[in-house]
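The values are calculated or read from the model by the stated rules, or taken from the named source; none is laboratory data. Since we're looking at a predicted model, the values are computed, not measured. Neighbour counts are summed over all protein chains in view; Cβ atoms, including those assigned to glycine, are modelled from backbone coordinates with ideal geometry.
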Amino acid sequence: MRKIAYLLALGLIVLAAAGCGGGGGGAAGGDSSVVIGIQAEPTSLDPAQVTDYNSSRAAMDLYDNLVEFKDGSTELEPGLAADWDISEDGLEYTFYLREDIKFHDGTPFNADAVKFNIDRQIDTEHPFHDTGEFAYSDFTFGMVKEVQVVDEYTVKFILNEPFAPFLGNIAMHSAAMSSPSAIEEHGKDISQNPVGTGPYKFVSWEPGVEVVLEKNQDYWKYEPQIDKLIFRPIVEDQTRLTELESGNIDFIVGILPDDLQRLKDNEDLLVAEQPGMHTWYLALNCQREPFDNVKVRQAANYAINKKDIVDNILMGTGVEAKNILPPVIWSYTEDVQDYSYNPEKAKELLAEAGYEDGIEVDFYIPKSGSGMQQPVSMATAIQSDLEAVGIKTNIQQVEWGTYLDKVFMPLEENDVLMHEMSWMGDNGDPDNFLYILLSSEQWPTAGFNEAFYKNTEVDKILREARTLSDQDKRIEMYEEAQKLIMADSPLIVVDHETQIVAMKNNIKGFELHPTGIFRFGKVTLE
């Protein structure tokens with residue numbers, strides 16, 4: 001989600017000897033390798049099409065952006081663009097590109113390549129627009145009127161209106177640079193044949209088994225130290241943990257809360273933690289019965305014991321959510337409607353809505369997935385809480401890739417009334433949560449408002465706030481939007497996950513990033 005939420009922070013590394021399981025740097029004379037256990041199969045390695053953690057974690061060391069987030073933060077620094085200018089009216093962004101950089105296939109990186117990458121996503125008449133589905137394109141580039149090539153190493157973005165988070169968007173995965181030649185060669189298969197300018201190059205992708213990357217010895221920024229990165233999808237959390245402890249992999253995500261302390265006590269392992277830009281929630285389809293009734297949505301919110309889920313299922317690996325925004329995002333406020341556990345209030349609201357005899361709905365959940373924490377255990381607890389107030393749910397488990405396809409179908413084709421989702425922030429701006437998840441302009445497939453929420457006043461606020469440069473004014477507007485959204489209850493926010501990864505203790509220099517994207521380029525093996 002993102003995205004969804006996208007959304008949503010968060011990496012694990014694993015070392016493997018070349019040709020064998022783990023091994024912390026490889027056999028004598030062999031390549032050093034890191035084997036990373038991720039939670040599900042990537043859906044794409046094309047950054048323009050990435051919508052989930054597993055894909056971004058496996059893909060993003062292949063790529064660079066014009067502007068990049070600094071290590072460990074969402075502060076910005078130069079990337080493929082050495083510098084940039086912004087016009088006084090906020091409508092023109094001119095980027096001055098670094099020279100003599102090549103994509104992994106030898107294609108020159110220049111202004112034409114930048115224009116190709118952006119036009120491919122936003123121009124429906126572009127000859128390679130049909131090479132993918134670009135779920136982030138409207139959010140990332142919807143304000144872009146035109147991309148102009150000024151000269152070989154100067155490119156200008158002209159916007160339709162001022163857009164405060166634009167530079168942050170340029171640092172997002174959807175704005176990473178892919179080789180135009182590779183896209184022209186592979187067409188719709190570019191997802192399985194990625195080519196960037198980053199510290200690692202693509203080697204192979206065996207579905208269900210592994211994605212293999214190798215270091216780019218000609219990387220323009222520095223020399224990567226690890227020869228190979230191997231990403232293995234392991235859906236079961238316990239299996240992933242067992243593989244780490246037995247030495248078959250070296251780095252994992254999705255640690256079960258019950259196992260966290262044991263990992264911290266293991267002298268052979270390191271555990272890294274960081275508050276994340278993450279929210280785990282239930283989306284309720286606001287355009288379909290029974291959730292088109294705000295009282296039913298509010299009743300469902302009051303019915304769920306979120307504190308019990310955080311304390312007894314997540315065991316402190318998240319914090320109870322009061323709002324869709326995580327506390328680490330500026331403009332966050334707790335001055336919103338409080339949905340503390342109140343089953344009697346839930347029953348009253350259902351009766352007022354005309355459902356005193358109860359409701360029955362299908363409740364869709366993924367078996368696993370990036371940022372989804374403990375989707376089955378959490379769903380079971382939620383199911384019990386809802387049934388206690390008269391909302392019977394039939395849990396439907398779906399594999400992650402199919403799940404994303406199903407919940408992000410357009411409204412006229414979408415029969416999902418209630419489902420789990422999480423979102424991890426992409427750029428540190430509240431717009432990246434509130435607009436992309438809750439603006440009616442972002443209904444699928446234009447974006448990630450999978451609750452199909454629409455409030456005219458909220459739309460107005462979110463639309464205006466993203467055009468302002470005055471951050472104090474933006475804070476005021478976003479606080480008002482949060483109050484309106486939480487009163488309408490299109491989402492049931494449960495918790496904000498703490499990013500946690502575990503790795504062998506000979507992995508040095510790995511740093512969690514607020515966006516959840518993995519960065520192995522500067523990692524070394526002791």
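Among the residues of the stretch 489-526, the one identified as surrounded by 23 or more Cβ atoms within 10 Å (Cβ to Cβ), of a type in the set (Ser, Thr, Tyr) and under 23 Å from Ser55 (Cα atoms) is Thr515.
All of (1) part of a strand (DSSP E or B); (2) at pLDDT below 95; (3) in the same structural domain as Asp426 (by TED's automatic domain parsing) hold for Leu282 with one exception: (2). One residue alone among Val195, Val209, Val203 is of a type in the set (Val, Ile, Thr), at pLDDT 95 or above and crowded, with 16+ Cβ neighbours inside 10 Å, and that residue is Val195.
Hey, any hits in the stretch 477-485 for a residue that's in a loop (DSSP other than H, G, I, E, B) and either among the hydrophobic types (A, V, I, L, M, F, W, C) or under 23 Å from Glu161 (Cβ atoms) (or both)? So far as the stretch 477-485 goes, no, none of its residues is in a loop (DSSP other than H, G, I, E, B) and either among the hydrophobic types (A, V, I, L, M, F, W, C) or under 23 Å from Glu161 (Cβ atoms) (or both). Only residues that are acidic (Asp, Glu) and surrounded by fewer than 24 Cβ atoms within 10 Å (Cβ to Cβ) were counted across the stretch 412-428, and they come to 3. Among the residues making up the stretch 75-93, those that are surrounded by fewer than 18 Cβ atoms within 10 Å (Cβ to Cβ) and not in a strand (DSSP E or B) are Glu75, Ser87, Glu88, Asp89, Gly90, Leu91. Pairs please, first residue from the stretch 505-519 and under 20 Å from Val328 (Cα atoms), second anywhere and assigned to a strand (DSSP E or B), Cβ atoms under 6 Å, 6+ apart in sequence or on different chains. Close Cβ pairs (under 6 Å, with a partner that is assigned to a strand (DSSP E or B)) amount to Leu512/Ala272; Leu512/Gln274; Leu512/Gln499; Gly516/Met424. From the list Glu77, Glu41, the lone residue that is farther than 15 Å from Val212 by Cα and either at pLDDT 90 or above or in contact with a strand residue (DSSP E or B) (Cβ under 9 Å, 6 or more places away or on another chain) (or both) is Glu77. Cβ-Cβ distances below 7 Å connect the following pairs, each with a first residue in the stretch 105-132 that is over 11 Å from Thr197 (Cβ atoms), a second residue that is in a loop (DSSP other than H, G, I, E, B) and of a type in the set (Ser, Thr, Tyr), and a separation of six or more residues or different chains: Asn110/Tyr153; Ala111/Tyr153; Asn117/Ser178.
Answer with yes or no whether Arg466 is in contact with an Asp or Glu (Cβ under 6 Å, 6 or more places away or on another chain), on the phi < 0 side of the Ramachandran plot and not hydrophobic (A, V, I, L, M, F, W, C). Yes. Right, Glu68: of a type in the set (D, E, K, R), touching a Pro at 6+ places or on another chain (Cβ under 8 Å) and in a loop (DSSP other than H, G, I, E, B) or not? No; evaluated as a whole, the condition is false for this residue. As for the stretch 126-136, it holds at least one residue that is part of a helix (DSSP H, G or I), of a type in the set (D, E, K, R) and surrounded by fewer than 22 Cβ atoms within 10 Å (Cβ to Cβ). Reported count of residues in the stretch 42-60, each being more than 11 Å from Ser174 (Cβ to Cβ) and surrounded by fewer than 24 Cβ atoms within 10 Å (Cβ to Cβ), is 2.
Condition check for Leu269 on (1) of a type outside the set (Ser, Thr, Tyr); (2) buried (at least 18 other Cβ atoms within 10 Å of the Cβ); (3) assigned by TED's automatic domain parsing to the domain that holds Leu437: one failure, at (3). Residues that are in contact with a His (Cβ under 9 Å, 6 or more places away or on another chain) and closer than 30 Å to Ile507 by Cβ within the stretch 270-311 comprise Gln274, Pro275, Gly276, Met277, His278, Thr279, Trp280, listed in sequence order. Is it fair to say Glu334 is surrounded by 15 or more Cβ atoms within 10 Å (Cβ to Cβ) and within 21 Å of Pro490 (Cβ to Cβ)? The answer is no for Glu334.
Between Thr154, Thr140, the distinction of being polar (S, T, N, Q), in the same structural domain as Trp84 (by TED's automatic domain parsing) and within 17 Å of Asn432 (Cα to Cα) belongs to Thr140 only. Please verify whether Val361 is β-branched (Val, Ile, Thr) and part of a loop (DSSP other than H, G, I, E, B), treating the condition exactly as stated. The answer is no for Val361.
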